[in-house]
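Student: Let me give you the structure first, and then I'll get to my questions.
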Amino acid sequence: MKRVAVVGGGISGLSAAFYLERLRRAGAQVEYSLFESSPRLGGVIRTERFDDCLIEAGPDSFLTSKPWAADLARDAGIGDQLLPSNDRKRKTYILDRGKLLPMPDGLQMMVPTKAWPIMQTELLSPSTKFKMLGEFVSPPEPLAPDVDESVAAFIRRHFGDEVVTKLADPLLAGIYGGDSNRLSARATLPAMVAREAEHHSLVRAAIKAMRERGSQPSLPLFTSFRTGMQQLVDAVVAGIDQRSVRLNAPVASLIHLTSGWRVATSASVEDFSHVILALPAYASAALLATYPDLAAQLNSIQYTDSITVSLVYRCDKLRRCTELPPGFGFLVPPPEKKKMIACTFVHNKFDSRCGDDHVLLRAFLTRAGGATDAQLIAAVESELASILKIEVPTEFARIYRWPRAMPQYEVGHLEKLAHIEDAAHALPGLRLIGNAYHGLGIPDCVREGKLAAEEVLTG
Ligand SMILES: Cc1cc2nc3c(=O)[nH]c(=O)nc-3n(C[C@H](O)[C@H](O)[C@H](O)COP(=O)(O)OP(=O)(O)OC[C@H]3O[C@@H](n4cnc5c(N)ncnc54)[C@H](O)[C@@H]3O)c2cc1C
């Protein structure tokens, strides 16, 4: 019988426990315990309802193109609850000298696939437009194999500085809460680096990929759930043996035995054959302090904070909901010097989020700078008032702080991962999963959790 301790009840640990339970029900000789330090499961995934409004405290959706989260939803019996984003309303703006300018049509991240919208946009200077379109015929030399560089350097080589400042910085800050000068091109933009190696020109590669897809129906960009992301957590939890779940049970120490692992909380000491650590890298490092090299590598993965501020306005007070721009929201490049880095127009992105007579906006920040909740909400209200010309007060606002929640895949991340994985493999029965390693989106976390469960049984 294999006995598995899954430590961490975010979506990574939940996925591992869920798939262990499925294997157990299918006859595998396995039992498991899921240890979670807080009183609730789900980690940063949490949905709350206030009157008619559905407020996401953490993630609001996942990328549809990565199948593992939707697969988990179907495995958990809620495939019919998947909710596609309203892509016909998809439009993203960039704040440029205080004004919202639409991102040119046809941009794939920062790669243009249509010439006319680039030529027409007010967002970019003529020399940048020339460089972007010219990349098709005169791309830079590709990155040498085994060399990494920052996202900023990678994008600058292809499209110039202005694309870094106006597109790469805000897009990457929106996804990673990070700085494009520090993030690794190989770890955060692996598909683009692969395209560069094959085609040299990112524009040419993107157009070729589009042609190959031909008239296949395009998937919605994002997927959520009818009653919010919490629905995924609830369905997955329902698929786990409740007797295996330990809430309010922070694992305080981990000792490697001759065969297996001793896991201690303040209330229990138990032995397991396998341990799956589904924690932030720094929390795993604390439990693995007796392996100084491994702990040091884990601790070297940097994290940034994330703060979400959701604001609800009543349409009749706004005169008309349609006064706000159409689209999914806007991104704020650093030179704009705002507290918020992005804002989602939630009522446009997904159906049924706040009734027809309200609009729901959600702003993202990465730094509180010592401000209280009330001060941050006031700062966001005032920035939104000036950017969107909103002159009415909010009906209500909610703020959620997620300290050290966003791992930064900095230059050299893949090399660091190789060291971590070598050191972890030297400790039989140990698996490290979670958003610190191979992707921080929900689908990546689910994939890692499922793989860890399968490997426990086959390994
Ligand atoms: C504000 C925000 C917005 C996001 N938006 C999106 C999005 O739209 N789409 C997307 O795909 N991704 C998004 N992400 C990223 C994604 O949500 C996360 O990467 C993912 O949910 C992390 O899951 P996890 O299980 O690895 O970690 P976590 O959710 O951090 O879970 C780790 C768990 O471990 C527990 N724990 C810690 N120490 C111990 C211990 N010693 N013992 C026991 N338990 C412990 C914690 O309490 C926590 O519950 C967002 C993240 C944030 C913060």
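Student: Pick from region 342-377 the residues that are of a type in the set (Lys, Arg) and outside any loop (DSSP other than H, G, I, E, B): which of them is nearest to Glu395 (Cα to Cα)?
Tutor: It comes out as Arg362.
Student: Which residues, counting only those in region 103-139, are loosely packed, with under 14 Cβ neighbours inside 10 Å and part of a strand (DSSP E or B)?
Tutor: Listed by number, the list is empty, since nothing qualifies.
Student: Let me ask something else. What are the residues in region 53-97 that are within 18 Å of Gln230 (Cα to Cα), of a type in the set (Asp, Glu) and crowded, with 16+ Cβ neighbours inside 10 Å, if any?
Tutor: Passing the criteria: Glu56, Asp60, Asp75.
Student: Still on this structure, please answer the following. Would you mind finding the one in Leu432, Leu414 that is more than 9 Å from the ligand (Cβ to nearest atom) and more than 25 Å from Val147 (Cα to Cα)?
Tutor: Answer to the selection: Leu432.
Student: List the strands (runs of 3 or more DSSP E) inside region 229-272, counting only whole elements, that have at least 3 residues being buried (at least 16 other Cβ atoms within 10 Å of the Cβ).
Tutor: The qualifying strands (runs of 3 or more DSSP E) are 260-264.
Student: I would also like to ask the following. Does Asp87 fit the bill of being within 16 Å of the ligand (Cβ to nearest atom) and modelled with pLDDT under 95?
Tutor: yes
Student: Among strands (runs of 3 or more DSSP E) lying entirely in region 1-53, which contain 1 or more residues that are of a type in the set (Asp, Glu)?
Tutor: The qualifying strands (runs of 3 or more DSSP E) are 30-35, 47-50.
The rows are residues; the columns are (1) in the same structural domain as Cys315 (by TED's automatic domain parsing); (2) in contact with a Ser or Thr (Cβ under 7 Å, 6 or more places away or on another chain); (3) surrounded by fewer than 19 Cβ atoms within 10 Å (Cβ to Cβ).
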position: Asp356; (1), (2), (3): yes, no, yes
position: Val359; (1), (2), (3): yes, no, no
position: Arg367; (1), (2), (3): yes, no, yes
position: Glu391; (1), (2), (3): yes, no, yes
position: Tyr400; (1), (2), (3): yes, yes, yes
position: Ile420; (1), (2), (3): no, no, no
position: Ala436; (1), (2), (3): no, no, no
position: Asp444; (1), (2), (3): no, no, no
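Student: Turning to a different aspect of this structure: Among the candidates Thr227, Thr223, Thr258, single out the residue that is within 12 Å of the ligand (Cβ to nearest atom), of a type in the set (S, T, N, Q) and either without any contact (Cβ under 8 Å) to a residue 60 or more places away in the chain or touching a strand residue (DSSP E or B) at 6+ places or on another chain (Cβ under 8 Å) (or both).
Tutor: Thr223
Student: In region 297-331, which residue that is part of a loop (DSSP other than H, G, I, E, B) and within 16 Å of the ligand (Cβ to nearest atom) is modelled with the lowest pLDDT?
Tutor: Phe328
Student: Specify which of the listed residues (Leu72, Leu100) is touching a residue at least 40 places away in the same chain (Cβ under 8 Å), under 21 Å from the mean Cα position of the chain (by Cα) and not in a loop (DSSP other than H, G, I, E, B).
Tutor: Leu72
Student: Of the conditions (1) at pLDDT below 95; (2) under 18 Å from the mean Cα position of the chain (by Cα), Pro443 fails just one. Which one is it?
Tutor: Going through (1) at pLDDT below 95; (2) under 18 Å from the mean Cα position of the chain (by Cα) one by one, Pro443 breaks only (1).
The values are calculated or read from the model by the stated rules, or taken from the named source; none is laboratory data. Please read all numbers here as calculations on a predicted model, not as lab measurements. No Cβ is skipped: glycine too gets one built from the backbone with ideal geometry, and neighbour counts run over all protein chains shown.
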